[in-house]
Amino acid sequence: MEKYVIRGGKPLVGDVNIGGAKNAAVAILPATILAGGKCLIENLPCISDVMASLQILSELGANIRMVSRSTYEIDTTHIDSTEVSNELSRQMRASYYFLGALLGRFGSGQVAMPGGCNLGPRPIDQHLKAFTALGAQDSVEYGQIHVRAEHLSGGHVFFDTVSVGATMNAMLAAVLAEGTTVLENVAREPHIVDLANFLNMMGADVHGAGTDVIKIHGVKSLHGCNYSIIPDQIEAGSYMVAAAITKGDITLHNVIPKHMEPITAKLRAAGCTVEEFDDALRISRTGELRPLKLKTMPHPGFPTDMQPLMTALLTLANGTSIVTEGIWENRFRYVDELIRMGANIQVDGQVAVIEGVSALHPAPLRATDLRAGAAMVMAALAADGTSEVDETIHIERGYENIVEKLQLLGADIRRVEIPANAVSRAM
Ligand code: EPZ
């Protein structure tokens, strides 16, 4: 196990390259199954969730060739299994996308109940509702979800709640179903559009991604293609917070400024200067941080995955901020860590009231989940002195080379191996 040791208090200055979007990659990789051929996928982030997805594909029988750190050739012609192993499916939430992809191509798929960040209840009833509308049946036994269908045909789904995962899974299952599928009240995140573009590159007929109705005309077969994944909105937003919280000046490369708009607007309101270029964005702060009111919502609202990072930032604002979590039931678990740094935060259910303080103090910190872990890193970068962040395995699920990227921006951060006996004593 590793921890990060961070000596904070320095402004971060310089350039950073943003990697491919995790939440697009973890759907596009299973989607290659539908090609039954060779796909070349570029701009894959080098993170553990991507490595787990590649390993699942390989276990199912796909042939995988690494072309470079961020490009893989995946040949799914000879996949001969429809069951994802227990151990790999539990490693990440997104293993549920294998259900839709395997069901779409083979009429059967099985995964263990997915793992991932603990953000409160994470049901998959809307995924199953969509599969049922296409003619599939499902069963859950010993923690395994099995979906199967004799024949998939187009259906009409009105989702009860806006769900990224259910929208993508329904798309995966529907592209090869016979007839037309209409999905209403769908998620509109940039990664939904990216998956639709990828499916269409493979020969699918998907319309409306990015709006709240998606129409899919089923096709008989798909084929392989070359595809480059969009940049990661949340990784980019995290480096924007790094500049904002340390009074730094960072230029982000390989971003789509349009995708960043909900985050850019809030950071400007908090007193940062943000300049937008074609595929880059520069953010700096010289003055004081202003408090904000923000509520997380499905896209194009403010993204929930930025919520812990913004809360960390607002601990240093000059005044009272109110952050409302509109997606997950339990996404403030990390607040106790910030309080140990001297932050003044009261949480009542889905609402956090943050009284800004003049400084955060270094402390031993825990990454309670992926984005909360990133928020701890940012808070530690702002605190004058040495902090340690434990359980970094969560952070590395979603941030490629975070330590190296921060070092290039001038941060004093390093990975330190925790000896095995120290880990067992601490448990
Ligand atoms: C995706 O999770 C992301 N994960 C999450 O990012 C992100 O927080 C979330 O979307 C919201 O943007 C991946 O893409 C792998 P949802 P997902 O289905 O798809 C309820 C990160 O940090 N719901 O949009 O699992 C659910 O309980 C991760 O990168 C149902 O009720 O989220 C939640 O309240 C964490 N029934 C809301 O919908 C369902 O069948 C949104 O969940 C499905 C969801």
**Message:** Just to be sure before I move on: is MET341 away from the ligand (no atom under 14 Å from the Cβ), within 19 Å of the chain's Cα centre (by Cα) and either of a type in the set (D, E, K, R) or more than 22 Å from VAL164 (Cβ to Cβ) (or both) in the structure I sent?
**Reply:** no
When every residue in region 96-154 that is within 24 Å of the chain's Cα centre (by Cα), at pLDDT 90 or above and part of a strand (DSSP E or B) is compared, the one nearest to the ligand (Cβ to nearest atom) is ILE145
Quick check, is ALA31 surrounded by 24 or more Cβ atoms within 10 Å (Cβ to Cβ), touching a residue at least 24 places away in the same chain (Cβ under 8 Å) and either under 19 Å from ALA374 (Cβ atoms) or of a type in the set (Asp, Glu) (or both)?
no
LYS215 vs. criteria more than 26 Å from MET297 (Cβ to Cβ), basic (Lys, Arg) and away from the ligand (no atom under 16 Å from the Cβ): no
Per the filter on region 243-300, residues in contact with a helix residue (DSSP H, G or I) (Cβ under 8 Å, 6 or more places away or on another chain), free of Cβ contacts under 8 Å to residues at least 40 places away in the same chain and among the β-branched types (Val, Ile, Thr) are THR264, VAL274, THR296
Check region 42-65 and report whether any residue there is away from the ligand (no atom under 16 Å from the Cβ), modelled with pLDDT under 95 and not in a loop (DSSP other than H, G, I, E, B).
no
Counting only residues that are farther than 15 Å from ILE234 by Cα, assigned to a loop (DSSP other than H, G, I, E, B) and free of Cβ contacts under 8 Å to residues at least 60 places away in the same chain, region 301-322 contains a total of 3
If you go through THR167, THR181, the only one that is polar (S, T, N, Q) and within 12 Å of the ligand (Cβ to nearest atom) is THR167
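Conditions (1) in contact with a strand residue (DSSP E or B) (Cβ under 9 Å, 6 or more places away or on another chain); (2) farther than 27 Å from VAL162 by Cα; (3) within 16 Å of the ligand (Cβ to nearest atom), marked per residue:
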| position | (1), (2), (3) |
| --- | --- |
| VAL274 | yes, yes, no |
| GLU288 | no, yes, no |
| THR296 | yes, no, yes |
| MET310 | yes, no, yes |
| ILE327 | yes, no, yes |
Residues of region 381-420 being assigned to a helix (DSSP H, G or I), over 10 Å from TYR4 (Cα atoms) and touching a strand residue (DSSP E or B) at 6+ places or on another chain (Cβ under 7 Å), in sequence order, are LEU381, ALA382, LYS405, LEU406, GLN407, LEU408
| said: Here is a check on your reading of the model: is LYS220 over 28 Å from ASN17 (Cα atoms), modelled with pLDDT of 95 or more and of a type in the set (D, E, K, R)? | reply: yes
Of those in region 214-231 that are touching a strand residue (DSSP E or B) at 6+ places or on another chain (Cβ under 8 Å) and hydroxyl-bearing (Ser, Thr, Tyr), the residue surrounded by the most Cβ atoms within 10 Å (Cβ to Cβ) is TYR227
Of the candidates ILE56, ILE47, the one satisfying the condition of being touching a residue at least 60 places away in the same chain (Cβ under 8 Å) and farther than 23 Å from GLY203 by Cα is ILE47
The condition from (1) under 21 Å from LEU381 (Cα atoms); (2) more than 16 Å from the ligand (Cβ to nearest atom) that ILE263 misses is numbered (2)
Practice problem: Please indicate, with yes or no, whether at least one residue in region 256-265 is in a helix (DSSP H, G or I), touching a strand residue (DSSP E or B) at 6+ places or on another chain (Cβ under 6 Å), more than 16 Å from ILE28 (Cβ to Cβ) and among the β-branched types (Val, Ile, Thr). | Solution: yes
Q.
under 30 Å from VAL255 (Cα atoms) and without any contact (Cβ under 8 Å) to a residue 12 or more places away in the chain: is that true of HIS207 in this structure?
A. yes
Per the filter on region 344-381, residues within 15 Å of the ligand (Cβ to nearest atom) and acidic (Asp, Glu) are ASP369
request  = Confirm whether ASP80 is among the acidic types (Asp, Glu) and either part of a helix (DSSP H, G or I) or within 13 Å of the ligand (Cβ to nearest atom) (or both).
outcome  = no
Does GLU325 satisfy being touching a residue at least 12 places away in the same chain (Cβ under 8 Å), of a type in the set (D, E, K, R) and over 25 Å from PRO364 (Cα atoms)?
yes
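The values are calculated or read from the model by the stated rules, or taken from the named source; none is laboratory data. Source: prediction; values computed, not measured. Virtual Cβ from ideal backbone geometry, glycine too; neighbours counted across all protein chains shown.
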